[in-house]
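Working notes, beginning with the structure itself.
The values are calculated or read from the model by the stated rules, or taken from the named source; none is laboratory data. Because the structure is predicted, anything quoted here is derived from the model rather than measured. Here the Cβ positions follow ideal geometry from the backbone for every residue, glycine too, while neighbour counts run over all protein chains shown. Accessible surface is based on the protein model in full, side chains and every heavy atom, while ligands, DNA and RNA are left aside. Shrake-Rupley method; radii C 1.70, N 1.55, O 1.52, S 1.80 Å.
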Amino acid sequence: MARSRKWRSPIYSIRPRISEPIKPQRTDVLVVLDVSLSMLAQDVQPSRFEVGRRSIRNLLDTLQSDRVGVAVFGGRAALRAPFTLDYAAVRSVVDAITPDSAPTPGSSLAEALRTGLSALRNSDAPRKGILLISDGEDLGVELDTAIAELKAAGIPVNTLGTGTAQGGSI
């Protein structure tokens with residue numbers, strides 16, 4: 001006696017499943033603001049510094065599920081706000097930043113980027129990045145080395161330049 005095989009369409013083997021909603025991947029963004037004296041130039045109104053702070057506030061208005069932190073730099077850099085979802089707290093920190101908020105005067109982009117790298121190495125976010133807001137003046141050394149370190153770590157840097165090619169008085 002031949003055994004009959006019951007044929008089942010593959011469609012019958014699909015069963016409804018309850019699954020978790022897809023969650024967007026969290027991103028940790030460290031905003032690094034140049035607070036060197038050159039940021040006081042008024043070639044953009046009211047100043048390069050104020051344009052930078054306004055840009056951070058605008059960014060905070062667009063974020064929803066990404067953590068943000070803030071660092072400042074001059075000759076040296078310092079973390080001012082650790083990564084958080086508390087955008088109101090970050091806004092308060094940004095509002096309190098002044099052009100003399102850097103630990104030392106000067107303008108070192110390498111210091112800024114290394115501080116960003118250090119903060120993001122401790123992050124467990126699946127995506128990470130640095131937003132550097134600066135007029136581009138760099139009196140430091142080892143910028144190429146800092147860039148290579150970020151590249152090796154896979155951390156992208158986006159820049160927002162402030163100022164004009166003609167410059168302005170401080």
In the range 141-170, what count of residues is obtained for those that are crowded, with 19+ Cβ neighbours inside 10 Å and assigned to a loop (DSSP other than H, G, I, E, B)? 3
Any idea which residue in the range 40-60 is most open to solvent (accessible area, probe 1.4 Å), counting only those that are over 11 Å from Ile170 (Cα atoms) and outside any helix (DSSP H, G or I)? Gln45
Please pick out the residue among Leu131, Leu117 that is in contact with a Leu (Cβ under 7 Å, 6 or more places away or on another chain), in contact (Cβ under 8 Å) with a residue 40 or more places away in the chain and of a type outside the set (Asp, Glu). Leu131
If Gln42 satisfies all but one of (1) closer than 26 Å to Ala110 by Cβ; (2) in contact (Cβ under 8 Å) with a residue 40 or more places away in the chain, what's the number of the condition it fails? (1)
Flag for Asp100 being open to solvent by 20 Å² or more (accessible area, probe 1.4 Å) and in a loop (DSSP other than H, G, I, E, B): yes
Can you name every residue in the range 61-88 that is surrounded by fewer than 16 Cβ atoms within 10 Å (Cβ to Cβ) and assigned to a loop (DSSP other than H, G, I, E, B)? Leu63, Gln64, Ser65, Gly75, Leu85, Asp86
Taking Arg91, is it within 26 Å of Val44 (Cα to Cα), open to solvent by 30 Å² or more (accessible area, probe 1.4 Å), at pLDDT 95 or above and under 15 Å from the mean Cα position of the chain (by Cα)? yes
